[in-house]
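Input: a single structure, listed below in structure tokens.
The values are calculated or read from the model by the stated rules, or taken from the named source; none is laboratory data. For clarity, every value in this text was computed on a predicted model and none was experimentally measured. Counting neighbours? That spans all protein chains shown, and the Cβs are built from the backbone with ideal geometry, glycine included.
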Amino acid sequence: MRLFKVLAASALLVAGVAPAVAKSPSGEARLAKILAGRVAGKPQQCIYLPSITNTRIIDGTAIVYDAGRTIYVNRPEGGARTLSSGDVMVTKPTNSELCNVDIVRMFDQGTHFERGFVNLGDFVPYRKPGAR
């Protein structure tokens, strides 16, 4: 009888969590929300790291680098589907720029084990119209 109660409670817990998971936005939808009202510029091979104030991983989609008025979106050429917002990115740039030839190593935030890497693509700048 006790096993039945545990299974019933587990089923209720899973049923309560399932709708929340189903409603979570996809990576593309989340990226679209971040870029709403912005216009894409010409893709760049490198970005100047000291100007970056924040970095976000969009699950399975892209890495967003925030430089104030400009947001740079990098859709990795390899490994993008493994991107997880629960990971920590580690890069070893050779100078003050991060470029499309650089590799970003991904580490699990909890275990600190390396999960893999992504090969960066071009950086596409997005700005609000009229912003320089």
Original post:
Filtering the stretch 96-115 down to residues that are in contact with an Asp or Glu (Cβ under 9 Å, 6 or more places away or on another chain) and assigned to a strand (DSSP E or B), which residue is surrounded by the most Cβ atoms within 10 Å (Cβ to Cβ)?
Top reply: M106
**OP:** Have a look at P125, P93 and point out the one that is in a loop (DSSP other than H, G, I, E, B), touching a residue at least 24 places away in the same chain (Cβ under 8 Å) and not aliphatic (A, V, I, L, M).
**Re:** P93
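In the stretch 100-132, how many are out of contact with any Phe, Trp or Tyr (no Cβ under 9 Å at 6 or more places or on another chain) and within 21 Å of L35 (Cα to Cα)?
Of the residues in that region, 9 qualify.
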**OP:** Scan the stretch 116-131 for residues that are touching an Asp or Glu at 6+ places or on another chain (Cβ under 8 Å) and among the small types (G, A, S) and jot them down.
**Re:** G121
Subject >> Tally of residues being at pLDDT below 90, within 18 Å of S51 (Cα to Cα) and surrounded by 12 or more Cβ atoms within 10 Å (Cβ to Cβ) across the stretch 66-92 >> reply: 0
**OP:** Return the total of residues in the stretch 86-106 being acidic (D, E) and within 15 Å of the chain's Cα centre (by Cα).
**Re:** 1
